[in-house]
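Enquirer: Here it is, the structure in full.
The values are calculated or read from the model by the stated rules, or taken from the named source; none is laboratory data. Just so it is clear, the structure is predicted and the values come from calculations on it, not from any experiment. Here the Cβ positions follow ideal geometry from the backbone for every residue, glycine too, while neighbour counts run over all protein chains shown. What goes into the accessible areas is simple: the full protein's heavy atoms, side chains included, and nothing from ligands, DNA or RNA. Shrake-Rupley method; radii C 1.70, N 1.55, O 1.52, S 1.80 Å.
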Amino acid sequence: MYEGGAAPNTSSDAIAALNLGVGNSGGFRQNGGLGHENLVVLYTSGEDKDWPDSLDPSTGRFVYFGDNKKPGNQLHDTPRKGNQILRRVFQSIHASPNERRSVPPFLVFAKYPTAASSRSVRFRGLAVPGFPGLPATTDLVAIWKTTSGARFQNYQSVFTILDVPVVRRDWLNDLVQGNETSVFAPKAWVDWVQNGKYTPLTSEATTTIRSISEQTPEKGVKSDILRCVFQHFKEEPTAFETFAARIFQMHDQRAIIDEITRGAVDGGRDAVGRYLLGLTSDPVYAEFSLEAKCYRPGIDGQSTNTVGVKEVSRLISRIRHREFGILVTTSAIGKQAYEEVREDGHPIIFFSGRDIAEILTQAGYSTPSLVKDLLSNEFPVG
């Protein structure tokens with residue numbers, strides 16, 4: 001973590017103080033001319049609900065959105081030319097092996113406010129464009145969005161955070177001076193440039209049981225989104241079952257919902273379906289049972305009506321051999337129920353209120369009004 005200054009302006013920016021030869025504002029900050037960048041800083045606030053940058057620490061996969069975030073400009077016509085940088089580097093990695101030498105290192109920083117400064121940042125790692133196993137057709141895509149009735153495009157790009165624990169100052173100094181063949185370059189970077197080998201910085205989670213707070217969205221837009229969902233279904237919770245199945249499909253398109261079961265004869269299962277494994281031309285399916293619980297979430301100062309051992313045990317008892325279970329709730333899974341499932345190794349996937357809000361946001365339903373439209377149009381109640 002790099003702490004910024006106390007002044008409430010860009011002079012307190014922590015990245016500018018690192019002497020990388022880049023600016024003190026914006027998401028794209030390059031050293032060197034356009035098309036001849038020595039290095040590029042990617043900065044994310046993590047607060048843009050329409051363009052939610054994300055990092056998966058378990059895989060090293062970093063999703064970053066371009067800088068055409070408002071209507072009025074063409075895809076590549078942005079003041080900082082960030083989308084032009086994305087277009088060039090992703091073209092380079094798919095053109096020929098030698099073209100990787102023209103790709104600059106990307107240094108990823110995230111907003112990390114402290115008591116001393118709102119301009120403090122957290123270094124997330126050294127990144128390169130692309131991700132292991134991801135085809136050229138999906139690592140950089142232009143997506144459409146509509147704001148105030150105006151349609152426009154922006155890039156969604158996928159990077160890999162390399163397994164480089166420390167980025168040496170000697171290498172940064174050489175990069176700023178235009179020395180592309182510095183002897184101080186980290187091995188993971190050299191392997192990628194020379195051989196196209198991705199060595200992601202991966203990590204295994206030390207905590208497999210999420211606390212109630214970790215399953216509940218923080219106050220803000222995502223909390224508002226969850227409130228919309230709960231208010232919509234609270235008087236008719238059985239209608240939540242169809243929506244819960246859709247949430248799982250939004251999370252993973254390989255999920256196939258075969259039936260939303262009737263409440264009186266569901267046998268403890270609100271939906272049943274199949275999960276596609278392998279090739280679509282030669283499919284193998286794993287069957288699953290889904291249970292939905294529209295319980296009061298811990299927002300607006302209210303206590304969380306958690307899903308307990310009884311509800312989870314009911315789902316476990318309905319899972320047959322070689323099946324897995326899914327439990328979707330607007331609230332959270334209680335500590336004891338969570339622990340018993342994980343310690344006993346039951347194949348149960350939990351989706352809490354926070355997960356619902358994040359899945360909806362990732363799917364483009366990033367405001368309460370968009371969620372309300374989705375619910376009223378596709379999941380009417382009453």
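Enquirer: Give me a count of the residues in the range 160-184 that are more than 29 Å from the chain's Cα centre (by Cα) and part of a loop (DSSP other than H, G, I, E, B).
Expert: Qualifying residue count for the region: 8.
Enquirer: Regarding the range 258-276, can at least one residue be identified that is in a strand (DSSP E or B), open to solvent by less than 30 Å² (accessible area, probe 1.4 Å) and either aromatic (Phe, Trp, Tyr) or in contact with a Cys (Cβ under 8 Å, 6 or more places away or on another chain) (or both)?
Expert: Within the range 258-276, not a single residue is in a strand (DSSP E or B), open to solvent by less than 30 Å² (accessible area, probe 1.4 Å) and either aromatic (Phe, Trp, Tyr) or in contact with a Cys (Cβ under 8 Å, 6 or more places away or on another chain) (or both).
Enquirer: Next question, about the same structure. Considering only the range 363-374, state which residues are surrounded by fewer than 20 Cβ atoms within 10 Å (Cβ to Cβ) and either more than 13 Å from the chain's Cα centre (by Cα) or in a helix (DSSP H, G or I) (or both).
Expert: Restricting attention to the range 363-374, the residues satisfying the condition of being surrounded by fewer than 20 Cβ atoms within 10 Å (Cβ to Cβ) are 363-364, 367-370, 372-374.
The answer is 367, 368, 369, 370, 372, 373, 374.
Enquirer: Turning to a different aspect of this structure: Suppose the filter is within 19 Å of the chain's Cα centre (by Cα), at pLDDT below 95 and either polar (S, T, N, Q) or surrounded by 20 or more Cβ atoms within 10 Å (Cβ to Cβ) (or both); does residue 217 pass it? Even if it seems obvious, please write down each step before you answer.
Expert: Numbers: within 19 Å of the chain's Cα centre (by Cα): yes; at pLDDT below 95: yes; either polar (S, T, N, Q) or surrounded by 20 or more Cβ atoms within 10 Å (Cβ to Cβ) (or both): yes.
Answer is yes for this residue.
Enquirer: OK, next. Looking only at residues in the range 154-175 that are in contact (Cβ under 8 Å) with a residue 40 or more places away in the chain and open to solvent by 50 Å² or more (accessible area, probe 1.4 Å), which one is farthest from residue 54 (Cα to Cα)?
Expert: So in the range 154-175, the residues in contact (Cβ under 8 Å) with a residue 40 or more places away in the chain come out as 154-163, 167, 172, 175.
If we keep only those that are open to solvent by 50 Å² or more (accessible area, probe 1.4 Å) too, we end up with 156, 163.
On the way: 156: 11, 163: 18 Å.
Of everything passing the filter in the range 154-175, 163 is farthest from residue 54 (Cα to Cα).
Enquirer: Quick check on my filter: what residues within the range 352-362 are touching a Leu at 6+ places or on another chain (Cβ under 9 Å) and open to solvent by 10 Å² or more (accessible area, probe 1.4 Å)?
Expert: Passing the criteria: only 354.
Enquirer: From the set of residues in the range 47-67 that are polar (S, T, N, Q) and more than 14 Å from residue 362 (Cβ to Cβ), which is surrounded by the most Cβ atoms within 10 Å (Cβ to Cβ)? Let's see the steps before the verdict.
Expert: Looking only at the range 47-67, we keep the residues that are polar (S, T, N, Q), and these are 54, 58-59.
If we keep only those that are more than 14 Å from residue 362 (Cβ to Cβ) too, we end up with 58-59.
Numbers: 58: 11, 59: 15.
Step by step, filter the range 47-67, then rank; the result is 59.
Enquirer: A further question follows. Looking only at the range 185-197, which residues are open to solvent by 30 Å² or more (accessible area, probe 1.4 Å) and in a loop (DSSP other than H, G, I, E, B)? Spell out the reasoning first.
Expert: First, the residues of the range 185-197 that are open to solvent by 30 Å² or more (accessible area, probe 1.4 Å): 187, 190, 194-195, 197.
The one that is open to solvent by 30 Å² or more (accessible area, probe 1.4 Å) and in a loop (DSSP other than H, G, I, E, B): 197.
Enquirer: Test residue 289 against the criterion of being among the polar types (S, T, N, Q) and within 22 Å of the chain's Cα centre (by Cα), and give yes or no. Full working, then the answer.
Expert: Values: among the polar types (S, T, N, Q): yes; within 22 Å of the chain's Cα centre (by Cα): no.
It is false that residue 289 is among the polar types (S, T, N, Q) and within 22 Å of the chain's Cα centre (by Cα).
Enquirer: Let me ask another. List the pairs whose first member sits in the range 84-111 and is outside any helix (DSSP H, G or I), whose second member is hydroxyl-bearing (Ser, Thr, Tyr) and open to solvent by 30 Å² or more (accessible area, probe 1.4 Å), and whose Cβ atoms are under 7 Å apart, counting only residues at least 6 apart or on separate chains?
Expert: Taking only residues 6 or more apart or on different chains, the pairs are 109/43; 111/45.
Enquirer: Looking only at the range 21-46, which residues are free of Cβ contacts under 8 Å to residues at least 60 places away in the same chain and either open to solvent by 50 Å² or more (accessible area, probe 1.4 Å) or more than 20 Å from the chain's Cα centre (by Cα) (or both)?
Expert: Matches in the range 21-46: 22, 23, 24, 25, 26, 29, 33, 34, 35, 36.
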